[in-house]
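The values are calculated or read from the model by the stated rules, or taken from the named source; none is laboratory data. Fair warning: this is a prediction, and the values are worked out from it, not measured in the lab. Here Cβ is always computed from backbone atoms with ideal geometry, including for glycine, and neighbour counts include all displayed protein chains. Protein only, heavy atoms only, side chains kept; ligands, DNA and RNA dropped before computing areas. Shrake-Rupley method; radii C 1.70, N 1.55, O 1.52, S 1.80 Å.
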Amino acid sequence: MLILLLISIPATVLSVAIYRRHPTQLAMRLIAIGLMCLLVTNYTLRIPSGEKQRSPFVLIDYSSSMASSLPTILDAVRKIEFPHELYFISESLLTETEPRRLGSYTDISTAITQAATMQPSFLLLVSDGNHNFGTSPLASLDGLNIPVFVCGVGDEAERDGSIIDVDAPAYAYPGDSTAIEVTVESGGYTGGNGWVTLNTASGENIDAQMFPLSGVTAKSRLTFWYIPRQPGTATFNIEMEPLADEISYANNESTISLSVLEEKIKVLYYTDHVSFNTKFILEALALNTNMSVSPLVRKGPGKYSRLLETSDDAELPDITAFDVVILDNANVRNIPWRHLPELLNNGMGIVLIGQIEDADEQWRRIMPINTTGSLQEGKHEIEVIETFSVLTVGNYPPARSMLRTVGSKHDATIIARSKDLPVIGFRRNGKGRVFQICIDDLGTWSFLLQGIRNTDLMYDLVSDIVRFLSPRGTQTRLVLRTERWDYQIGENMQLSLQSYDRDFRRTGGGDFFLIVGDSKVPFYEVRRGIYESSTVLREEGTHDIFAKGELDGERLTSNTVEVNIIPRSDEAEHMLNRTLLELIAARTKGKYLLLKDLHQIEPLSPARESRLHGRMVNLNSPVVYLAVLIMLVVDWILRRRRGVT
């Protein structure tokens, strides 16, 4: 703002000095300077609409949870002395006559939105604050320029403690310090402390933490730390110590699990002879710190070399110790592990690159692409038809040597083809997958790609293939969670989403949407790699929901969550949700009141009402820019006519 003043004041003085004898041009120049200042400050102008302001609206919550309080409320409202209009709300309806029956649920959001469109001078909402249908009332306050006075009705003395949320990463590594954040809520206690314990599924106590009890409903956030030691699934029980006279103990427990991943993916690279492929593949894998690679080359019958070791002969490793095996231009009859295809049933991944010779029936059965076993030389144009890793849909440089293919298995996923014949693809076999690349000179093709596109695609491609085939490949990098599985029709559903990079470390910056049927609901990142969204389903039955979007240019899809939408039951009487009501009043510049204080509300003065009632116009628009440009052009033309440049 100071810089703006330092520029605009000299500009104004200079304009007066130059145009003092030309008032028309001076006026145009000053108006242009003023508009530019308003554009820079993004000023918003309120224009009175000229419509007659209506009296205040009194909105009475007429749902079942208010049954015992309604006679007292109606008596208090009758004593209000200033002119007002009375409406009743429950199931998103505004009615001027008292309903014949109590509503089954409460939709405060729609009630406020509907009432605001009729432009009352202010709203007086009388409710217990137990909004349980539709989106959050706080979301409906955006852009509302009418104050909402709120009168809270209900008992605040109900005693209860509960675990309302547990936030933990979906994945961790052995040795990582992993935070498990627990949000607890308590109310109805005048003092003292509560305790929450974190235990493993086997009963081992990890930690216990204390939180203050509150007289009104209040939340506390506790952070527990856990260091996993072994890969596998870690399950935790979170328990709140029972409090005195709680209305329910069912909400004092929660269970959560996280996957502890292997620190490194164990990869075996095997070939019958070292080639240009070997160089590119091993260099790509060596650059990835999350992979442990063991290269093995066959030197002759029963003789092998590890390449990176000086000894001539190497012992055969235990094949079951590896997550992924890469066979690069190998003769399967010479492979020392005859049972290798059978290990697919245990979840192992196999990569077949180039020519795979002497494949018997067992090997032909697991290969996603059917081949003759022979090579064909020439110029083989490569077309990617299914995006995988850095290979996006489109045409790629030709390969010089390729395995002759004759089709693919019906359940194989084909990523690339050459003249309608499959070249790259994968297929699930048992619990594992087989990934096949029929380009014999993969190293040469990669070198050509690097020269044309000026980027090393092999590093990302080989690494992603290995991750895809390893046990991590069964894990999703987008993890969708919901607080529970059953919701009533119209109930607001809160969902959380976690995003992970290729090494399954939580990372942010993604752009994701919740997919519910044909609708898309955006997620908003609240912390690094943690997103939140909410939606409302109004149709009974089972619904599958999931998330999808982009993270660092990659398209990701989450796990699918199945939620059950059940019919609404009649509303039971609840305690006062004072927190929500106070937030509504504060955000609209209203005030929170008790029922006995209704007479303290004073109607707004006509001047205040007229200020509130109007239309907001943002001057940062193309019309204003055009007006500034026209005035400057006209000023320039007039100066030229006077011979001034």
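Just give me the residues in the range 287-303 being over 15 Å from residue 263 (Cα atoms) and modelled with pLDDT under 85, in sequence order.
Within the range 287-303, the subset over 15 Å from residue 263 (Cα atoms) is 287, 294-303.
Answer for the range 287-303, where residues must be over 15 Å from residue 263 (Cα atoms) and modelled with pLDDT under 85: 287, 299, 300, 301, 302, 303.
Got at least one residue in the range 169-184 being part of a strand (DSSP E or B), touching a Gly at 6+ places or on another chain (Cβ under 8 Å) and either hydrophobic (A, V, I, L, M, F, W, C) or open to solvent by 20 Å² or more (accessible area, probe 1.4 Å) (or both)? Steps first, answer last, please.
Narrowing the range 169-184 to residues part of a strand (DSSP E or B): 171-172, 178-184.
Retained after the next criterion (residues that are touching a Gly at 6+ places or on another chain (Cβ under 8 Å)): 184.
Narrowing the set further to residues that are either hydrophobic (A, V, I, L, M, F, W, C) or open to solvent by 20 Å² or more (accessible area, probe 1.4 Å) (or both) leaves 184.
Yes, that holds for at least one residue.
Taking the range 245-278 as the region of interest, how many residues are over 30 Å from the mean Cα position of the chain (by Cα) and open to solvent by 60 Å² or more (accessible area, probe 1.4 Å)? If you could, list the steps in order and put the result at the bottom.
Start the filter on the range 245-278 by keeping residues that are over 30 Å from the mean Cα position of the chain (by Cα), which leaves 245-249, 266-278.
Adding the requirement that they be open to solvent by 60 Å² or more (accessible area, probe 1.4 Å) leaves 245, 247, 249, 266, 273-274, 276.
Result for the range 245-278: 7.
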Discussion item. Against the definition (of a type in the set (A, V, I, L, M, F, W, C), at pLDDT below 85, surrounded by 13 or more Cβ atoms within 10 Å (Cβ to Cβ) and closer than 29 Å to residue 529 by Cβ), how does residue 222 come out, yes or no?
Written reply: no
Practice prompt. Report, ordered by the first and then the second residue, all pairs with beta carbons closer than 7 Å, sequence separation of six or more or different chains, a first member in the range 632-644 that is touching a residue at least 60 places away in the same chain (Cβ under 8 Å), and a second member that is of a type outside the set (Asp, Glu).
Written response: 632/32; 634/28; 635/25; 635/28; 635/29; 638/25
Item to complete: Find all pairs meeting these conditions: Cβ atoms under 7 angstrom apart; at least six residues apart or on different chains; first residue within the range 120-147 and touching a residue at least 12 places away in the same chain (Cβ under 8 Å) and on the phi > 0 side of the Ramachandran plot; second residue hydrophobic (A, V, I, L, M, F, W, C) and in a strand (DSSP E or B).
Response: 134/536
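For (1) open to solvent by 40 Å² or more (accessible area, probe 1.4 Å); (2) farther than 30 Å from residue 346 by Cα; (3) at pLDDT 90 or above; (4) among the hydroxyl-bearing types (Ser, Thr, Tyr), each residue gets a yes or a no:
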{"residue": "408", "(1), (2), (3), (4)": "yes, no, yes, yes"}
{"residue": "419", "(1), (2), (3), (4)": "yes, yes, no, no"}
{"residue": "425", "(1), (2), (3), (4)": "no, no, yes, no"}
{"residue": "442", "(1), (2), (3), (4)": "no, no, no, no"}
{"residue": "449", "(1), (2), (3), (4)": "no, yes, no, no"}
Worksheet, complete the sentence: The strands (runs of 3 or more DSSP E) lying entirely within the range 388-435 that contain at least 1 residues which are within 16 Å of residue 465 (Cα to Cα) and out of contact with any Lys or Arg (no Cβ under 7 Å at 6 or more places or on another chain) are 413-418, 421-429
Fill in: Test for residue 323: is it buried (at least 17 other Cβ atoms within 10 Å of the Cβ) and either without any contact (Cβ under 8 Å) to a residue 60 or more places away in the chain or farther than 25 Å from residue 447 by Cβ (or both)
yes
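One residue is enough: does the range 279-286 have a residue meeting the conditions surrounded by 13 or more Cβ atoms within 10 Å (Cβ to Cβ) and touching an Asp or Glu at 6+ places or on another chain (Cβ under 7 Å)?
Looking only at the range 279-286, we keep the residues that are surrounded by 13 or more Cβ atoms within 10 Å (Cβ to Cβ), and these are 279-286.
Remaining after also requiring touching an Asp or Glu at 6+ places or on another chain (Cβ under 7 Å): 281.
Yes: the range 279-286 contains one or more residues that are surrounded by 13 or more Cβ atoms within 10 Å (Cβ to Cβ) and touching an Asp or Glu at 6+ places or on another chain (Cβ under 7 Å).
Is it the case that residue 97 is outside any helix (DSSP H, G or I), buried (at least 22 other Cβ atoms within 10 Å of the Cβ) and more than 27 Å from the chain's Cα centre (by Cα)? Before you say what the answer is, go through the steps one by one.
Values: outside any helix (DSSP H, G or I): yes; buried (at least 22 other Cβ atoms within 10 Å of the Cβ): no; more than 27 Å from the chain's Cα centre (by Cα): yes.
The answer is no for residue 97.
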Discussion item. Can you list residue pairs whose Cβ atoms sit under 8 Å apart, with the first residue in the range 204-220 being over 22 Å from residue 179 (Cα atoms) and the second being of a type in the set (Phe, Trp, Tyr) and surrounded by 14 or more Cβ atoms within 10 Å (Cβ to Cβ)? Count only pairs 6 or more apart in sequence or on different chains.
Written reply: 213/189; 214/189; 215/189
Practice prompt. Please work out if residue 342 is closer than 15 Å to residue 439 by Cα and open to solvent by 20 Å² or more (accessible area, probe 1.4 Å).
Written response: no
Response to the item:
Those residues of the range 507-542 which are in a loop (DSSP other than H, G, I, E, B) and either on the phi > 0 side of the Ramachandran plot or of a type in the set (Asp, Glu) (or both) amount to 509, 517, 518, 529, 539, 540
